[in-house]
Amino acid sequence: MIKGSSLFSQLLQHFPRTEFAQLVAKHKAERCSKGFTCWTQLVSMLFCHMAHADSLREICGGLACCLGKLRHLGISKAP
């Protein structure tokens, strides 16, 4: 069986999670966040850019329809 990564997953591999988490902690970026992490924000914005989404509803709908795949990217629920 051949295993492959999606284009989106391959793009996110350029952002190491540990280094990203260290930068978030260093700059205290999630200090006042309420349920929406910086990693979720990054994944959502990359999805928006790749999908050419024009509205927040398109982003939320697009992420909600592929929720099972998003768990592998580190997002527990769609925004």
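The values are calculated or read from the model by the stated rules, or taken from the named source; none is laboratory data. Here the structure is a predicted model, which is why all the values come from computation and not from measurement. Cβ coordinates were reconstructed from backbone atoms using ideal geometry, including for glycine residues, and neighbour counts include every protein chain displayed. These accessible areas exclude ligands, DNA and RNA; they are computed on the full protein's heavy atoms, side chains included. Shrake-Rupley method; radii C 1.70, N 1.55, O 1.52, S 1.80 Å.
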Accessible area per residue of the chain at 1.4 Å probe, in Å²? 78 Å²
Cβ-Cβ cut-off under 15 Å around residue 21, Lys and Arg +1, Asp and Glu -1: the net charge is +2
Hey, any idea what % of the chain's accessible area is carbon plus sulfur with a 1.4 Å probe? 59 percent
Alpha-carbon spread of segment 7-73, three principal axes, descending order, Å: 32, 26, 21
Per-residue ellipticity at 222 nm attributable to helices in the chain (runs of n ≥ 4 DSSP H, -39500 (n - 2.57) apiece, nearest 500 deg cm²/dmol) works out to -16000 deg cm²/dmol
Within a Cβ distance under 14 Å of residue 12, other residues only, what is the Lys/Arg minus Asp/Glu net charge? +2
For every other residue with a beta carbon closer than 12 angstrom to the beta carbon of residue 63, add +1 if it is Lys or Arg and -1 if Asp or Glu, then tell me the sum. +3
For the pair residue 36 and residue 67, how long in nm is the line joining their label points, each one 7 Å along Cα→Cβ? 1.8 nm
Excluding same-chain residues fewer than 8 positions from residue 28, which aspartates and glutamates have a Cα within less than 19 Å of its Cα? 19
With a cap of 14 neighbouring Cβ atoms within 10 Å, and only residues DSSP puts in a loop, list the trypsin sites (Lys or Arg not before Pro) found in the chain. 3, 28, 31, 34, 77
